[in-house]
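What follows is a single structure, written as structure tokens, with notes after it.
The values are calculated or read from the model by the stated rules, or taken from the named source; none is laboratory data. As the structure is a computational prediction, the values presented were derived from the model and not from experiment. As a convention, Cβ positions derive from the backbone with ideal geometry for all residues, glycine included, and neighbour counts pool all protein chains shown. Ligands, DNA and RNA are excluded from the accessible area calculation, which covers all protein heavy atoms including side chains. Shrake-Rupley method; radii C 1.70, N 1.55, O 1.52, S 1.80 Å.
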There are 2 protein chains.
Amino acid sequence: MCPPPTQNGTNGTNGHAKPRAAAAAPYQTVQDFLSNTNNFKIIESTLREGEQFANAYFDTATKIKIATALSDFGVEYIELTSPAASPQSMEDLKAICGLGLKAKILTHVRCNMEDARLAIECGVDGVDVVIGTSSFLREHSHGKDMAYIQKSAIEVINYIKSKGIEVRFSSEDSFRSDLVDLLSLYKAVDAIGVNRVGVADTVGCATPRQVFDLVRTLRGVVSCDIETHFHNDTGCAIANAHAALEAGATHIDTSVLGIGERNGITPLGGLLARMIVGSHDYVTSRYKLAKLKEIEDMVAEAVEINVPFNNPITGFCAFTHKAGIHAKAILNEPSTYEIINPADFGMSRYIHFASRLTGWNAIKSRVEQLGLTMTDDQVKTLTSKIKQMADIRPLAIDDTDSIIRSFHLDLQA
Amino acid sequence: MCPPPTQNGTNGTNGHAKPRAAAAAPYQTVQDFLSNTNNFKIIESTLREGEQFANAYFDTATKIKIATALSDFGVEYIELTSPAASPQSMEDLKAICGLGLKAKILTHVRCNMEDARLAIECGVDGVDVVIGTSSFLREHSHGKDMAYIQKSAIEVINYIKSKGIEVRFSSEDSFRSDLVDLLSLYKAVDAIGVNRVGVADTVGCATPRQVFDLVRTLRGVVSCDIETHFHNDTGCAIANAHAALEAGATHIDTSVLGIGERNGITPLGGLLARMIVGSHDYVTSRYKLAKLKEIEDMVAEAVEINVPFNNPITGFCAFTHKAGIHAKAILNEPSTYEIINPADFGMSRYIHFASRLTGWNAIKSRVEQLGLTMTDDQVKTLTSKIKQMADIRPLAIDDTDSIIRSFHLDLQA
């Protein structure tokens, strides 16, 4: 939910108005009684979904480093690749279970007894069981019908529960599965005490309204927790996670920078950017946000990618303001053009003044930063000089500073 | 809307099932009578919003190249920086208006008579007028009250209309503006015949449900077109654009790769990735999708950024499949794990088989690509060899091919 127009002045920290979460206009309040936007848990899947990213190859040391950093950051769960994937995957899972991290360790397995046994042998806190339920997958992947799926689900869940281990049961490609089939299956596994059911937009097709509708319907059918998993093929993975929480989902799957199959899933940082706007205190109390950039850089290095220029929070320009009209207002009051306080993530803002879109307020601020004194009229004359120069060629900060200083010298003369 | 489970078999083109837009389950059909998901127009703002991107400096030749490419691509409108920004901005606007492009040329000006006069002098097809209406901006930016805003809006709109030019009136920071103020203002400008009103999430705070609610409410208040503009600070710019169209908006602002203030706005490619899923025929009939990558590369080069690894459609891994279970199904039927047909955008898919997550179906397909013959059992043995190797170190395709060939040689011996 959007923060309200300033009511209580600023809180003194970096100029951002408080409280952010209260609401002022009708469309700004969605206070649904089932909403979990202020009460959700993160299942961090960089070491499972993220390992399916084209460029990902995590050796044991890297896995341990990432898992440790994520646990320290505050994510509630860390999900790893199935021990059935390869012998090394199994060794790595055992190693991470043995670290005694604060986060619970999960692994993600196919819905069969061998995979479940292998998972439990490794010492996990929980097992995430998955099977494809769409007719696409039933026809072209595993070839099983719904009766078979339900039977094996129950067998596997009962087995895992009998070992005292947390268990989630998820469909795959949930948004292209038959609704009645899906609800029947979830109802059956809820009845035998599954801890969570999972809804997965495996192909990244769902829209926020579809997510809201399905999760809200499911919320009325099961009493267990609801985990959700959103791919980003159509750019909705963050919005869908938010819609799921509004509808009563309890757990969101993320990966660092969103890495995963194809173009990935809900990114950890992007989710927190979304959630902090409406749930500032919840998010800041649970997660060490100032560590986000370090974790993103660690993963980016491990999979040899650059952090996208437009990444939420940590993209190089996430808090850069350029147009004169924006710079002016930001200098007066940051929350005019910033919905997130960069300081919450240990980041800082930057007013870009070396361009033809600059305004005299931005230049005035730079003049003051340089310790120079000018009247407003002088700054306005200086500003048109800078805009003229910027019309001719790109200006670096140094260039602009030189123009400012030379103009100031001329004034003295 | 998600495509349905296969009903009519495949259509023969790249293995994707048809029809994509029909619906199969209750939460897959949102057939609202006001929805414009099958009837929207794009206002491409790379040369206005995009010029506010930290790294953007477009010289005249680059602006002409980008405008020409966008018009050829099929966008309905191209928006340029205000001629009031600098003398060169004015010259560039005149130059582009003189090109005779198919797309209509707009410029984006402050709500005052001087800016409006300047715009019209340049020969634009339409003027996009904007003023901040949130109490944040009224207090910290321009300092004007709502009565003053409405008075100047009416004066400026009447003037532009008197010149026979299309005019849009937009609030800025609409989602933190008072709803009653906002609706009164829009109603007043609609009454004097404005062509479009604009809703802008200037700070990137809005959620899809808030967007849906505000646009749906507005749709009942004005009879003119509704343009929407979404910043991406909280990762919802694509989802919000979709929600706006569902609620009856008619025009979406985009920029190439989403470049703009801070981390930008709804990206052109990302919007089309979202829209093609539910509105395949509309999108493919209007836009030359195969040109998308070329335009993105052109803009990325001009502003010196890399296309994000996870960019929808054109990111390097957007159609790469890695996990064995995915690869197997994709080889059977692409729509199992692909909601977008890469061929629609002139792209192709890639099955990643050189990893420990590979499955024997992916290896079998590679064996066949290499022109070798093996039984399924032999491929399965080969697959475990490759998974073992991939546990030890990252495998390039060449490495995997060598393992396959050497295994095949051993079989012959």
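Quick one: Debye curve from the alpha-carbon atoms of the stretch A:39-278 only, equal weights, vacuum; give me log10 I(q)/I(0) at q = 0.16 Å⁻¹ to two decimals. Log-scaled intensity ratios, in q order: -1.15. In order along the stretch B:162-167, the Karplus-derived 3J(HN,Hα) couplings, from 6.51 cos²θ - 1.76 cosθ + 1.60 at θ = phi - 60°, round to 5, 8, x, 10, 5, 9 Hz, and Gly and Pro are given as x.
Evaluate 2.2 N^0.38 Å with N set to the residue count of the stretch B:244-305, then give the Cα radius of gyration divided by it. Walk me through the intermediate numbers first.
Working: Rg = 12.6 Å, N = 62, 2.2 N^0.38 = 10.6 Å.
My calculation over the Cα atoms of the stretch B:244-305 gives 1.20.
Qualifying trypsin sites (Lys or Arg not before Pro) in the stretch A:75-134, where qualification requires a DSSP coil assignment and no more than 16 other C-beta atoms within 10 Å, comprise A:Lys102.
In the protein assembly as shown, the DSSP beta bridges split such that about 5 percent are antiparallel, to the nearest 5. Cα centroids of the stretch A:107-174 and the stretch A:376-413: 66 Å apart.
So how strong a dipole does chain A carry about its Cα centre when Lys and Arg Cβ are +1 and Asp and Glu Cβ are -1, to the nearest 20 debye? Present the calculation step by step, with values, prior to reporting the outcome.
Values: 40 positive and 49 negative charges, 192 e Å.
Charge dipole of chain A: 920 debye, to the nearest 20.
Per residue and in Å³, how big is the convex hull formed by the alpha-carbon atoms of the stretch A:320-412? Mind dumping the intermediate values first?
Details: hull volume 9.0 nm³, N = 93.
Output value, Cα hull per residue: 96 Å³.
Between A:Asn39 and B:Asp59, the simple spin-label model (points 7 angstrom out along Cα→Cβ) gives 6.1 nm.
Amide H to amide H, with H built 1.01 Å from N, B:Leu395 comes under 5 Å of no residue 5 or more places away or on another chain.
On a per residue basis, the stretch A:174-255 carries 19 Å² of accessible surface, using protein heavy atoms and a 1.4 Å probe.
For the stretch A:155-215, the relative contact order works out to 40 percent when only alpha carbon pairs closer than 8 Å and six or more residues apart are counted.
Can you find, among A:Met374, A:Ser171, A:Gly258, the residue farthest towards the positive end of the dipole of chain A? Put +1 on the C-beta of Lys and Arg, -1 on that of Asp and Glu. Looking along the dipole axis, the top candidate is A:Met374. Compute the Rg/Rh shape ratio of chain A: radius of gyration over Kirkwood radius, all on alpha-carbon atoms. Dividing the radius of gyration by the Kirkwood radius yields 1.08. When all protein chains stay in place and ligands, DNA and RNA are ignored, the 1.4 Å accessible-area order of B:Glu304, B:Glu76, A:Glu114, A:Glu44, largest first, is B:Glu304, A:Glu114, B:Glu76, A:Glu44. Spin-label model, B:Lys102 to B:Tyr159: label points 7 Å out along the Cα-to-beta-carbon direction sit 3.5 nm apart. Counting only alpha carbon atoms, the long axis of helix B:60-73 and the longest principal axis of chain B meet at about 70°. Calculated over the stretch A:286-337, the projected area of the Cα convex hull averaged across directions stands at 4.7 nm².
The dipole here belongs to the protein assembly as shown: it is taken about the Cα centre, uses +1 on the Cβ of Lys and Arg and -1 on the Cβ of Asp and Glu, and is about 540 debye. For the stretch B:191-206, heavy-atom accessible area (probe 1.4 Å) falls by no less than 30 Å² from the chain alone to the full protein assembly at B:Val203, B:Cys205.
Ligands, DNA and RNA excluded, the heavy atoms of A:Ser86 present near 10 Å² of accessible surface to a 1.4 Å solvent probe.
Per the helix-only calculation at 222 nm, which mean residue ellipticity applies to the protein assembly as shown, given -39500 (n - 2.57) for every DSSP H run of n ≥ 4 and division by its residues, nearest 500 deg cm²/dmol? Value at 222 nm, helices only: -13000 deg cm²/dmol.
Here's the picture: charge each Lys and Arg Cβ at +1 and each Asp and Glu Cβ at -1 in the stretch A:320-412, and of A:Ile339, A:Tyr350, A:Ala323 the one pushed furthest to the positive end of that dipole is A:Ala323. For the protein assembly as shown, the ratio of Cα radius of gyration to the globular rule of thumb 2.2 N^0.38 Å stands at 0.96. Pairwise inverse Cα distances across the stretch A:268-379, averaged and inverted, put the Kirkwood hydrodynamic radius at 15.7 Å. For the protein assembly as shown, the share of accessible area belonging to carbon and sulfur comes to 49 percent (1.4 Å probe, ligands and nucleic acids excluded). Pairing chain B with chain A buries about 9100 Å² of accessible area. This figure sums both sides and uses a 1.4 Å probe. The value given for the stretch A:105-149 is a Kirkwood hydrodynamic radius of 11.4 Å, derived from the mean inverse Cα-Cα separation. Beyond 25 Å in Cα-Cα separation lie the following of the pairs A:Lys385/B:Lys161; A:Lys322/B:Lys102; A:Lys65/B:Lys322; A:Lys322/B:Lys41: A:Lys385/B:Lys161; A:Lys322/B:Lys102; A:Lys322/B:Lys41.
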